[in-house]
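Data first, discussion second: the structure below is written as structure tokens.
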């Protein structure tokens, strides 16, 4: 957890929105006497609730489970949007500025956050970065996976002058919430942050967090039971693979078309041939894909091998219909329990 102070966040290079941040923060944040973001802030202040803003669904849902209606809660990513292509709107930046607590993931895809926070004046806002809540690992390139443009896994080369930071292919895997064990650790950090910011409701936050962590422990036990009684330990994704923490937690092996934060959507013929051969060799009963992703790769592999396609939820985001119907991190992960039982047997 960080109490935001001006100038303490290192500015990241190569972020195209930096200049826009300065313009927005200089013009909009100083002149937000009208508009949606201030209306929400005033509402939170009028009813005594603190304002919490999150970037994506996992931390939004964690706050919702811990705090209920005790906080004014906003998620920047709209239901149905693709996480990796998200860019903040001026209204999003204003919402961050007016919040008491801002929770984001961290890592390469959230580099825009650091620039925005660094450009904002000190207003006593507390921030929490999910990758600071748990031990992290690097994104992994496994056999058969598509090479990323400009990436070499034999060696790294530095291009550019001395004022630029070298880009390493060894990036932190940001998808820390995909392990229920990590999710529980994150919930504990969020609970403490809420209690520090809103001590009058500390007991409610602590009680709700304890109950929710018990549900996460039950989810963890369900996954372990499936894996312990499974006929295999291999899953194959015709998609990105943002499940490194999940696979490590439960001792699973995997093959996939792309790593978790890949920008590519079209695998090479060699990648497709490799995955098709692996599905056939290992007699895997179903090819997996993520929610809200293009099904073409998984469908092509399934058609070539006579298997089926199943969705395995990363919980990055959900559809508008799922959001309105009350889907949660737990409900989506419980669907994963049943899917895992099918593909490992």
To make sure I understand, if each residue's beta carbon is the centre and we count other beta carbons within 10 Å, what order do 240, 64 fall in, fewest to most? 64, 240
If each Cα of segment 58-116 is one equal point scatterer, what is log10 of I(q)/I(0) from the Debye formula at q = 0.27 Å⁻¹? -1.42
Relative contact order of segment 229-343: what whole-number percent is it, with Cα pairs under 8 angstrom and at least 6 residues apart? 24 percent
Would you mind computing, in nm to one decimal, how far apart the modelled labels at residue 140 and residue 334 are, each placed 7 Å from Cα along Cα→Cβ? 2.9 nm
At what distance in angstrom do the alpha carbon centres of segment 203-219 and segment 291-339 lie from each other? 26 Å
Within segment 218-252, list the residues whose amide N lies under 20 Å from a label point set 7 Å along Cα→Cβ of residue 273. 237-239
Using only the alpha carbons, work out the radius of gyration and Dmax of segment 229-343 in angstrom. 13.9, 41
Tell me, what is the FRET efficiency for residue 281 and residue 132 to the nearest 0.05, using R0 = 56 angstrom and their Cβ-Cβ distance as r? 0.85
Can you compute the modelled spin-label distance between residue 172 and residue 345, with each label point 7 Å from Cα toward Cβ, in nm? 3.8 nm
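Quick note: the coordinates plus some simple rules give every number you see, no bench work behind them. As the structure is a computational prediction, the values presented were derived from the model and not from experiment. As a convention, Cβ positions derive from the backbone with ideal geometry for all residues, glycine included, and neighbour counts pool all protein chains shown.
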